[in-house]
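The values are calculated or read from the model by the stated rules, or taken from the named source; none is laboratory data. Model, not experiment: these values are computed from the prediction. When we count neighbours, we look across all protein chains shown, and the Cβ atoms used for this are built from the backbone with ideal geometry, even at glycine. We work out accessible area using only protein heavy atoms, side chains counted, and drop any ligands, DNA or RNA first. Shrake-Rupley method; radii C 1.70, N 1.55, O 1.52, S 1.80 Å.
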Amino acid sequence: MKILYQFLIILGFTFAGEALHSIIPLPIPAGIYGIILLFAALETRLIRQEQIKQASSFLIEVMPIMFVPAAVGLIDSWGAVGQMWLQYLIATIVSTFVVMWVAGYTTQKIVRRKKNSNR
């Protein structure tokens, strides 16, 4: 029953993200709104990490399964994609490194800020 309650909390933030997406006319996916809301709730201690830990751990464990439909869709549409595979490969490699750099840079800034605030 506890894990069901945790899923309902996460689902509530997902629903709130969907509602914001329909209200705010920005080209931001609804899931991002939900993640931002959940992050804000965790940071303000409105929700404690322990309240969603089991359900979120489970969702992270099954995340690779969520990529199967996208891979099948890519294979199914290979006729259209196959002619431009090099452009897709270059875009994937470049964007991967950009995301890795931004994530690393942001993490370093946060760690340094926390280190300086503890002094």
Check your understanding: When you scan region 14-67, how many residues do you find that are in a loop (DSSP other than H, G, I, E, B) and exposed (fewer than 14 other Cβ atoms within 10 Å of the Cβ)?
Key -> 11
Check your understanding: So which pairs qualify, if the first residue must be in region 42-61 and free of Cβ contacts under 8 Å to residues at least 12 places away in the same chain, the second must be among the small types (Gly, Ala, Ser), the Cβ gap must be under 8 Å, and the two must be at least 6 apart or on different chains?
Key -> 46/40
Revision key, fill the gap. Only one of (1) open to solvent by 90 Å² or more (accessible area, probe 1.4 Å); (2) closer than 19 Å to residue 7 by Cβ does not apply to residue 116, and that is (2)
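Residue 113 - would you say it is part of a loop (DSSP other than H, G, I, E, B) and basic (Lys, Arg)? Step through it out loud before you land on a result.
Numbers: part of a loop (DSSP other than H, G, I, E, B): no; basic (Lys, Arg): yes.
No; evaluated as a whole, the condition is false for this residue.
Which residues, taken from region 8-33, are of a type in the set (Ser, Thr, Tyr) and either farther than 26 Å from residue 58 by Cα or in contact with a His (Cβ under 8 Å, 6 or more places away or on another chain) (or both)?
Once the filter is applied, which keeps residues that are of a type in the set (Ser, Thr, Tyr) and either farther than 26 Å from residue 58 by Cα or in contact with a His (Cβ under 8 Å, 6 or more places away or on another chain) (or both), region 8-33 yields 22, 33.
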